[in-house]
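The values are calculated or read from the model by the stated rules, or taken from the named source; none is laboratory data. Since the model is a prediction, treat every value here as computed from it, not as a measurement. Cβ sites come from the backbone with ideal geometry, for glycine too, and all protein chains shown count toward neighbours. What goes into the accessible areas is simple: the full protein's heavy atoms, side chains included, and nothing from ligands, DNA or RNA. Shrake-Rupley method; radii C 1.70, N 1.55, O 1.52, S 1.80 Å.
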Amino acid sequence: MPRFKLTLEYDGRPFVGWQRQENGLSVQAVLEQAAGMLCGGTPLAVTGSGRTDAGVHARGQVAHLDLPRAIDAHTVQGALNYHLKPHPVAVLAAEETAADFHARFSATARHYRYRIVNRRAPLTFDRGLAWHVIVPLDADAMHDAAQALVGRHDFTTFRHSQCQAKSPVKTLDYIRVTRDGEDIRLETGARSFLHHQARSITGTLKLVGEGKWTRRDLRHALDARDRAALGLNAPPDGLYFMKVEY
């Protein structure tokens with residue numbers, strides 16, 4: 001059975017998240033249904049590199065798919081995109097890969113971006129695609145405070161209460177906060193992330209940008225190892241799964 005590596009982008013607004021669920025439409029479910037249309041109509045299992053929550057978007061999600069017969073990669077990409085209509089999911093690339101490649105377990109790094117639109121006027125084109133923050137934010141202060149989180153730490157404070165990871169200890173390789181006009185971008189990378197970790201970090205850094213918290217407050221929250229110490233959890237709207245490295 002040939003195995004294919006798929007690189008995907010999607011608008012997360014219509015979905016309950018990446019993972020197949022009974023309470024609504026998921027990205028995994030529509031992709032599995034599209035894959036099944038290639039080979040007789042029965043949905044085929046698709047494994048993603050990581051889960052995204054309801055409303056979270058992707059620019060470079062990766063998944064793997066085993067097909068029961070040989071099909072060239074160009075045809076796989078085209079057929080999947082055809083059968084994914086009208087869902088806002090696109091296969092950017094498909095390539096046949098080694099049988100031992102695993103979208104999740106072979107990954108060495110994952111990268112996320114969070115986008116904030118910092119302006120008084122309401123969002124129009126970007127509604128649901130960014131976090132609208134009216135209060136002026138100091139992106140430089142946010143970046144400086146964020147450096148306290150880089151490295152290996154116990155991130156219990158920034159972890160969802162229902163997170164299924166075996167350990168709250170993670171190593172953040174970098175966090176960068178930059179401003180371009182009204183757009184503020186927070187970019188971070190690590191081998192893996194806890195459930196809600198990127199959103200929790202972003203929400204708390206927003207308090208720093210407002211002047212309500214300092215870098216010291218952020219460090220105290222981290223050291224507390226207690227979800228109750230979290231400043232704020234950002235909404236899913238502005239979060240994008242950007243890239244996976246192998």
Query raised in the report: Could you count how many residues in the range 45-54 are buried (at least 19 other Cβ atoms within 10 Å of the Cβ) and of a type in the set (A, V, I, L, M, F, W, C)?
Result: 1
Query raised in the report: Could you list, in sequence order, the residues of the range 52-84 that are touching a helix residue (DSSP H, G or I) at 6+ places or on another chain (Cβ under 9 Å) and outside any helix (DSSP H, G or I)?
Result: 52, 53, 54, 55, 56, 57, 58, 61, 63, 65, 67, 71
Query raised in the report: Does residue 105 fit the bill of being of a type in the set (Phe, Trp, Tyr), buried (at least 18 other Cβ atoms within 10 Å of the Cβ) and more than 28 Å from residue 183 (Cβ to Cβ)?
Result: no
Report summary line: Being touching a Ser or Thr at 6+ places or on another chain (Cβ under 9 Å) and among the acidic types (Asp, Glu) narrows 144, 154, 72 down to just 154
Requested in this report: Pull up the range 85-102, narrow it to residues that are more than 13 Å from residue 31 (Cα to Cα) and assigned to a loop (DSSP other than H, G, I, E, B), then point me to the one that is most open to solvent (accessible area, probe 1.4 Å).
Outcome: 100
Query raised in the report: How do the strands (runs of 3 or more DSSP E) wholly within the range 154-246 filter down when requiring 1 or more residues that are in contact with a Lys or Arg (Cβ under 6 Å, 6 or more places away or on another chain), open to solvent by 20 Å² or more (accessible area, probe 1.4 Å) and free of Cβ contacts under 8 Å to residues at least 40 places away in the same chain: which remain?
Result: 169-180
Requested in this report: Please verify whether the range 133-147 includes one or more residues that are within 25 Å of residue 105 (Cβ to Cβ) and surrounded by 14 or more Cβ atoms within 10 Å (Cβ to Cβ).
Outcome: no
Requested in this report: Determine if the range 40-47 includes at least one residue that is part of a strand (DSSP E or B), under 28 Å from residue 170 (Cβ atoms) and in contact (Cβ under 8 Å) with a residue 12 or more places away in the chain.
Outcome: yes
Requested in this report: Kindly provide the set of residues from the range 155-178 that are more than 26 Å from residue 116 (Cα to Cα) and among the hydrophobic types (A, V, I, L, M, F, W, C), ordered by number.
Outcome: 165, 169
**Report entry** Enumeration of residues in the range 27-42 that are more than 19 Å from the chain's Cα centre (by Cα) and open to solvent by less than 10 Å² (accessible area, probe 1.4 Å)
**Finding:** 34, 35, 36
Query raised in the report: So is residue 3 surrounded by fewer than 20 Cβ atoms within 10 Å (Cβ to Cβ), of a type in the set (Lys, Arg) and in contact with a strand residue (DSSP E or B) (Cβ under 6 Å, 6 or more places away or on another chain) or not?
Result: yes
Requested in this report: Determine if the range 13-26 includes at least one residue that is among the hydroxyl-bearing types (Ser, Thr, Tyr), in a loop (DSSP other than H, G, I, E, B) and open to solvent by less than 40 Å² (accessible area, probe 1.4 Å).
Outcome: yes
**Report entry** In the range 151-181, the residues that are acidic (Asp, Glu) and farther than 17 Å from residue 110 by Cβ
**Finding:** 154, 180
Query - Positions within the range 81-116 being touching a Lys or Arg at 6+ places or on another chain (Cβ under 9 Å) and of a type in the set (A, V, I, L, M, F, W, C), in sequence order - result: 92, 93, 94, 98, 99, 101, 103, 107, 109, 116
